[in-house]
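The structure follows.
The values are calculated or read from the model by the stated rules, or taken from the named source; none is laboratory data. Quick caveat, the model's predicted, so the values are computed rather than measured. Counting neighbours? That spans all protein chains shown, and the Cβs are built from the backbone with ideal geometry, glycine included.
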Amino acid sequence: AQSVTQLDSHVSVSEGTPVLLRCNYSSSYSPSLFWYVQHPNKGLQLLLKYTSAATLVKGINGFEAEFKKSETSFHLTKPSAHMSDAAEYFCVVISRGGQNFVFGPGTRLSVLP
Amino acid sequence: NAGVTQTPKFRILKIGQSMTLQCTQDMNHNYMYWYRQDPGMGLKLIYYSVGAGITDKGEVPNGYNVSRSTTEDFPLRLELAAPSQTSVYFCASRVGGWGGDQPQHFGDGTRLSIL
């Protein structure tokens, strides 16, 4: 079965500094992976996806993630945090057959002025 | 383009009452999903559907029922509301098919409190 671990429940950075949100997955096959962002009182919005093409994936709002099969990781990064990046971030792996999405517990990102 | 629309946005129920959470999408997606989100727990799948007339249980289906009579609509029914069902409920849809590389599109959620 697929599973997702997000190593930090809360990350706090200063505005203008880099962001790193960590995600490790478990899958018995080559997975599809997503990062979603959830702003307060809103639904989830797709940031980026990996589907076995390029291992470095660029998303919206300056975010990117690198798929590392040897480390079973899919960490999310951004060179410079903005106040508007404060939100909850979810790493997601797709179940075999693509019917179900398995969500990590989420990482709350705080951006300090 | 409205995307995925959920109604109501907020609701307070008494224990034992019933209600239906509505979800409709206008993207002609064949896959639809219901999740609940509890603090610090991520999203848990309640039910999903791969097309009209086809539904299946997810991880936490107890206390809920669904139906899918049309491609657009996927209502979630709570028959006997219990305090444990206090949560935020999200509906999502996506283009289906083998491979699973199409993302889900989410509604803004329904915040439900059972008192």
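Kindly indicate whether any position in segment A:16-29 is under 13 Å from A:Ala87 (Cβ atoms), within 14 Å of another protein chain (Cβ to nearest Cβ), buried (at least 16 other Cβ atoms within 10 Å of the Cβ) and polar (S, T, N, Q).
no
How about segment B:97-111: which of its residues are farther than 14 Å from B:Trp34 by Cα and crowded, with 21+ Cβ neighbours inside 10 Å?
Here is the first cut: in segment B:97-111, the residues farther than 14 Å from B:Trp34 by Cα are B:97-103.
Listed by number, the residues that qualify are B:Gly100, B:Pro103.
Next question, about the same structure. Do we find that A:Lys68 is modelled with pLDDT of 95 or more and among the charged types (D, E, K, R) in this structure?
No; evaluated as a whole, the condition is false for this residue.
Conditions tested, residue by residue: (1) of a type in the set (S, T, N, Q); (2) touching a His at 6+ places or on another chain (Cβ under 7 Å); (3) surrounded by 21 or more Cβ atoms within 10 Å (Cβ to Cβ).
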{"position": "B:Glu59", "(1), (2), (3)": "no, no, no"}
{"position": "B:Asn62", "(1), (2), (3)": "yes, no, no"}
{"position": "B:Ser67", "(1), (2), (3)": "yes, no, no"}
{"position": "B:Thr71", "(1), (2), (3)": "yes, no, no"}
{"position": "B:Leu78", "(1), (2), (3)": "no, no, no"}
{"position": "B:Thr86", "(1), (2), (3)": "yes, no, no"}
{"position": "B:Val95", "(1), (2), (3)": "no, yes, no"}
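Please pick out the residue among B:Ser84, B:Ser113, B:Ser69 that is touching a residue at least 60 places away in the same chain (Cβ under 8 Å) and of a type in the set (S, T, N, Q). If you could, list the steps in order and put the result at the bottom.
Details: B:Ser84 fails: touching a residue at least 60 places away in the same chain (Cβ under 8 Å); B:Ser69 fails: touching a residue at least 60 places away in the same chain (Cβ under 8 Å).
Only one candidate passes the filter, namely B:Ser113.
Can you confirm whether B:Gly16 is under 14 Å from the mean Cα position of the chain (by Cα) and not charged (D, E, K, R)?
On the way: under 14 Å from the mean Cα position of the chain (by Cα): no; not charged (D, E, K, R): yes.
When the stated conditions are applied, B:Gly16 does not pass them.
Only one of (1) more than 12 Å from A:Phe74 (Cβ to Cβ); (2) aliphatic (A, V, I, L, M); (3) modelled with pLDDT of 85 or more fails for A:Leu47. Which number is that?
The failed condition is (1).
Test each condition in (1) more than 11 Å from every other protein chain (Cβ to nearest Cβ); (2) among the aliphatic types (A, V, I, L, M); (3) under 15 Å from the mean Cα position of the chain (by Cα) for B:Ala92 and report the one that comes out false.
(1)
Another question about this same structure. When you go through A:Ala86, A:Ala81 one by one, which is the residue that is buried (at least 16 other Cβ atoms within 10 Å of the Cβ), of a type in the set (Gly, Ala, Ser), over 27 Å from B:Cys91 (Cα atoms) and away from every other protein chain (no Cβ under 14 Å)? Outline the logic, then answer.
On the way: A:Ala86 fails: over 27 Å from B:Cys91 (Cα atoms).
Residue meeting the stated conditions: A:Ala81.
Okay, next question. Any idea which of (1) free of Cβ contacts under 8 Å to residues at least 60 places away in the same chain; (2) over 24 Å from B:Gln37 (Cα atoms); (3) of a type in the set (Gly, Ala, Ser) is the one A:Gly43 doesn't satisfy?
The single condition A:Gly43 does not satisfy is (2).
How many residues does segment B:16-55 hold that are farther than 15 Å from B:Ala92 by Cβ, within 12 Å of chain A (Cβ to nearest Cβ) and without any contact (Cβ under 8 Å) to a residue 40 or more places away in the chain?
Number satisfying all stated conditions: 4.
Spot the failing condition for A:Gly104; the list is (1) away from chain B (no Cβ under 14 Å); (2) in contact with a Cys (Cβ under 6 Å, 6 or more places away or on another chain), and only one is missed.
Here A:Gly104 meets the rest and fails (1).
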